[in-house]
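Undergrad: Dumping the structure here so I can ask a few things about it.
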């Protein structure tokens, strides 16, 4: 079976977006350069790394900066934070809320510890995502390879309710509309499978196919760090993230049933 793009709804999102009826303009970053944050401790390379943001892992409610090796964007001294309001399982989770002291359009969020990983391994990343409502901030899940100075994956949960993926479909880098809306207010699993040997990235959301990229691995070839961010245009909503897993155990089962040529 050959991979193919979802062709029904590949609407390309231009980089400058005017919000009709709103008083703000959003400009989407289409760079593949690594997102640079404060230095974080370099973790040992493990086959599987996971974070449930629980007390037993070294997390406590409050600002996440410095907790268990996690760091934050310089634009906020309060976000992201560990919260107890809406865990997927357990009692705690990562939340990104409005920072009223930061300007709209400021990137706020959190960086996982990094792993220097020059080995080109297939990998899979899983995270549960819950966003309170549409009409506020965009929330991004970024996988990146600081040792390569490149992003590996960027998924945007748009304020309009769409799930967008940064990709090059032949006309330069754009955010591609997957045609799938994210589910308001409840956790759903985002799954990303990366095969740098087969030049393939597979995305699933809520146990269904979301998008596939077949023109080559997007930019970076490994997953060394995960970044969660929003643009601080929050209205009343927050973005919640929980049960993050990075699996570097070889070619994921999701990829093994496909013939890529």
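Undergrad: Are there any pairs, at least 6 apart or on different chains, whose C-beta atoms fall under 6 Å, with the first in the range 115-126 and farther than 11 Å from residue 248 by Cα and the second in a loop (DSSP other than H, G, I, E, B) and modelled with pLDDT under 80, and if so, which?
TA: Every condition considered, the pairs that remain are 115/43; 115/45.
Undergrad: Considering only the range 155-171, state which residues are outside any strand (DSSP E or B) and either in contact with a helix residue (DSSP H, G or I) (Cβ under 8 Å, 6 or more places away or on another chain) or surrounded by fewer than 19 Cβ atoms within 10 Å (Cβ to Cβ) (or both).
TA: Narrowing the range 155-171 to residues outside any strand (DSSP E or B): 158-161, 169-171.
Correct list: 160, 161, 169, 170, 171.
Undergrad: Just need a number here: residues in the range 61-73 that are assigned to a loop (DSSP other than H, G, I, E, B) and loosely packed, with under 13 Cβ neighbours inside 10 Å. Walk me through how you get there before you give the answer.
TA: First, the residues of the range 61-73 that are assigned to a loop (DSSP other than H, G, I, E, B): 61, 64-66, 70, 73.
If we keep only those that are loosely packed, with under 13 Cβ neighbours inside 10 Å as well, we get 66.
Of the residues in the range 61-73, 1 are assigned to a loop (DSSP other than H, G, I, E, B) and loosely packed, with under 13 Cβ neighbours inside 10 Å.
Undergrad: Let me ask another. Kindly establish whether residue 53 is in a loop (DSSP other than H, G, I, E, B), under 16 Å from residue 228 (Cβ atoms) and without any contact (Cβ under 8 Å) to a residue 60 or more places away in the chain.
TA: It is false that residue 53 is in a loop (DSSP other than H, G, I, E, B), under 16 Å from residue 228 (Cβ atoms) and without any contact (Cβ under 8 Å) to a residue 60 or more places away in the chain.
Undergrad: Does residue 174 meet the test of being assigned to a strand (DSSP E or B) and either surrounded by fewer than 17 Cβ atoms within 10 Å (Cβ to Cβ) or touching a strand residue (DSSP E or B) at 6+ places or on another chain (Cβ under 9 Å) (or both)?
TA: Values: assigned to a strand (DSSP E or B): yes; either surrounded by fewer than 17 Cβ atoms within 10 Å (Cβ to Cβ) or touching a strand residue (DSSP E or B) at 6+ places or on another chain (Cβ under 9 Å) (or both): yes.
For residue 174, the condition - assigned to a strand (DSSP E or B) and either surrounded by fewer than 17 Cβ atoms within 10 Å (Cβ to Cβ) or touching a strand residue (DSSP E or B) at 6+ places or on another chain (Cβ under 9 Å) (or both) - is met.
Undergrad: Let me spell it out: the conditions are (1) surrounded by 17 or more Cβ atoms within 10 Å (Cβ to Cβ); (2) assigned to a loop (DSSP other than H, G, I, E, B); (3) out of contact with any helix residue (DSSP H, G or I) (no Cβ under 8 Å at 6 or more places or on another chain), and residue 45 meets all of them except one. Which number is the exception?
TA: Every condition holds for residue 45 apart from (1).
Undergrad: Moving on to the next point. Given the conditions (1) under 27 Å from residue 158 (Cβ atoms); (2) free of Cβ contacts under 8 Å to residues at least 24 places away in the same chain; (3) in contact with a helix residue (DSSP H, G or I) (Cβ under 9 Å, 6 or more places away or on another chain), report the number of the one that residue 100 does not fulfil.
TA: All conditions pass for residue 100, except number (3).
Undergrad: Does residue 245 count as within 30 Å of residue 74 (Cβ to Cβ) and part of a strand (DSSP E or B)?
TA: The answer is yes for residue 245.
Undergrad: Look through the range 195-217, keep the residues that are modelled with pLDDT of 90 or more and in contact with a helix residue (DSSP H, G or I) (Cβ under 9 Å, 6 or more places away or on another chain), and return whichever of them is surrounded by the fewest Cβ atoms within 10 Å (Cβ to Cβ).
TA: Only one residue fits best here, namely 204.
Undergrad: Which of the residues belonging to the range 87-106 are surrounded by 18 or more Cβ atoms within 10 Å (Cβ to Cβ), in contact with a strand residue (DSSP E or B) (Cβ under 7 Å, 6 or more places away or on another chain) and part of a loop (DSSP other than H, G, I, E, B)?
TA: 87, 88, 92, 99
The values are calculated or read from the model by the stated rules, or taken from the named source; none is laboratory data. These numbers were taken from a predicted model, which means no experiment stands behind them. A quick note on method: Cβ atoms are made from the backbone with ideal geometry, for glycine too, and the neighbour counts reach across all protein chains shown.
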